[in-house]
1. Could you check how many residues of the range A:284-293 are in contact (Cβ under 8 Å) with a residue 12 or more places away in the chain and either under 15 Å from residue B:281 (Cβ atoms) or at the interface with chain B (Cβ under 7 Å from one of its Cβ atoms) (or both)?
2. Tell me which residues, restricted to the range A:200-242, are assigned to a helix (DSSP H, G or I) and in contact with a strand residue (DSSP E or B) (Cβ under 6 Å, 6 or more places away or on another chain).
3. Right, residue A:175: modelled with pLDDT of 90 or more and within 14 Å of residue A:109 (Cα to Cα) or not?
4. Would you mind finding the one in A:136, A:85, A:92, A:63 that is at pLDDT 90 or above and assigned by TED's automatic domain parsing to the domain that holds residue A:34?
5. Going by what's in this entry, would residue B:180 be described as surrounded by fewer than 20 Cβ atoms within 10 Å (Cβ to Cβ) and more than 22 Å from residue B:43 (Cα to Cα)?
6. Being under 34 Å from the mean Cα position of the chain (by Cα), more than 20 Å from residue A:307 (Cβ to Cβ) and either exposed (fewer than 15 other Cβ atoms within 10 Å of the Cβ) or modelled with pLDDT of 85 or more (or both) narrows it down to one of B:320, B:340, so name that one.
7. Looking at the structure I just gave you, is residue A:143 touching a residue at least 60 places away in the same chain (Cβ under 8 Å), surrounded by fewer than 21 Cβ atoms within 10 Å (Cβ to Cβ) and farther than 29 Å from residue A:23 by Cβ?
8. Quick check: is even one residue across the range A:151-169 surrounded by fewer than 19 Cβ atoms within 10 Å (Cβ to Cβ), in contact with a strand residue (DSSP E or B) (Cβ under 6 Å, 6 or more places away or on another chain) and part of a helix (DSSP H, G or I)?
């Protein structure tokens, strides 16, 4: 009988395959700025700090013009890889795709625009080396105009009240993270924005590191109404995700029973009145009560469907994570 | 860095396990490390610990003393993200005793997850769960195990002379246990007592999430048809620390009960449950429609009369069709379930 033998493919060890300390993932979305300058700024400080690094630019298909200068650098042999998604993909997807390709034990994830002074990223990497799972930059001192600050305040006010976030600059988007931690955080849709929060929920140690704001980050940003609405929806989604993903019926059941019980109460009062001889067929209250009960039952039904989904998946996943081993001598 | 760059330790780190004796079953990747596997203990005592720095040392001592006669056992302390000195003290109390193992969770996940973590890491063929606050008495463990060996899959303890406050603890608990018995059909006097003994294979067949630890017998009965019995156990008043429960859990218990009813009766056929609800809604729609017709035929339809009754009828009709659609979505959610392994469900 012929046995199948799997031999490891003998690839020549190219320069790209050596291990690096830090993989810098640049998420090219929204408003890419001068990427070549960005590369030089970050590469310069990492080099000075004696850290070996690689750059990965993860970009949607439309970003070719912004990528042109760095493509040129890559061709000239810099430590740059460019990943172009074949179709428009969100930032979370780009980040995950790049993380799957990178070699460094530490990932430094930055947006495609200037946020903090470049020297700060070395502090972030050092914090992760010292044992944090995530080191997130917060823009401090912040030298923004008041328009930006008011927006940021409002965003974080909602976050801390709805979600209980204790982070002071989630939206900064510059952070260093252990690659394994990044791989195990469920990232999809718009939730990449809240990575420090999600990491904390997964039980990872998240540390905030003050970093002076970059001078180019200070221009006033006013978005369309749609952007603000979307942020609001993101926060609501996060609220549900963090509190109720394991127990959807708690949420839908509460909403549903409040509606159904109040509707049922009104129906009961109407019934008593009807028995007392009063006509109720011309009372709009009858419609309202019916509507409340209908809505309540619908909400509870949705919660039950949620529970089915959770239950079906429960056997293949665990809701807990064991602490990292080096802290544990057991 | 910590100088740990070998591929193996990176793999293990990423998985979150580096505990050689652990027996993670599923979920994320699994690192099997059989060569260094020690002798398997026959009995595992699982105790979730959350901020119990005063209780943990007496607990370790009490378990060790209670099981002195027994052959091979292990104590799995699951630290549920304590912020006090619980872990440190537990390590000191264990003092190199390899039978005492500590599993540290990355953060506070709650009692259910901690319990599940303990079950996942327990290696014994018999597993006993217990509270970490000394309210249960480890001297009851051998009795539970003896009862289990009579041929049961799960032996629950019930607190015979409960040392708790009447209004805030005993009465809600009495009501809750009645409700649980009625809804789940599992006759357990005291679901709130953590002291229970299980056969390993029962635990392997169920997964705990949310706050289901309160209903382990019901879940075990629903998912694997466990043979269940109960025996009286001792109960001590809480000596140290504060209780982590409050009255607010009543609403949560109600929601969880509904969940268990769902799992128990309709896990394989959600459409039936929703169709039953839809039938009720359609019946109401028909009643309102009939009332509308009667009103139209026999009475001069006033302005309001002409609208409200038909509209109410339509609302209930809408609920009926909505529930049917939800039931269909439920069947969609179950599709993969129907492809899963059935082997686990047989003895």
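1. Taking the range A:284-293 first, the residues in contact (Cβ under 8 Å) with a residue 12 or more places away in the chain are A:285-286, A:288-293.
Narrowing further to those that are either under 15 Å from residue B:281 (Cβ atoms) or at the interface with chain B (Cβ under 7 Å from one of its Cβ atoms) (or both): A:286, A:289-293.
Result for the range A:284-293: 6.
2. So the first thing to find is which residues in the range A:200-242 are assigned to a helix (DSSP H, G or I), and the list is A:200-201, A:215-218, A:225-242.
If the condition is that a residue be assigned to a helix (DSSP H, G or I) and in contact with a strand residue (DSSP E or B) (Cβ under 6 Å, 6 or more places away or on another chain), then A:200 is the only one that fits.
3. Working: modelled with pLDDT of 90 or more: yes; within 14 Å of residue A:109 (Cα to Cα): yes.
Yes.
4. On the way: A:85 fails: at pLDDT 90 or above; A:92 fails: at pLDDT 90 or above; A:63 fails: at pLDDT 90 or above.
None of the other options fit; the residue is A:136.
5. No.
6. Numbers: B:340 fails: more than 20 Å from residue A:307 (Cβ to Cβ).
The unique qualifying residue is B:320.
7. Values: touching a residue at least 60 places away in the same chain (Cβ under 8 Å): yes; surrounded by fewer than 21 Cβ atoms within 10 Å (Cβ to Cβ): yes; farther than 29 Å from residue A:23 by Cβ: yes.
Against the criterion (touching a residue at least 60 places away in the same chain (Cβ under 8 Å), surrounded by fewer than 21 Cβ atoms within 10 Å (Cβ to Cβ) and farther than 29 Å from residue A:23 by Cβ), residue A:143 qualifies.
8. Within the range A:151-169 (the criterion being surrounded by fewer than 19 Cβ atoms within 10 Å (Cβ to Cβ), in contact with a strand residue (DSSP E or B) (Cβ under 6 Å, 6 or more places away or on another chain) and part of a helix (DSSP H, G or I)), the answer is no, since none of the residues qualifies.
The values are calculated or read from the model by the stated rules, or taken from the named source; none is laboratory data. Owing to the predicted nature of the structure, the values given are computational and were not obtained by experimental measurement. Virtual Cβ from ideal backbone geometry, glycine too; neighbours counted across all protein chains shown.
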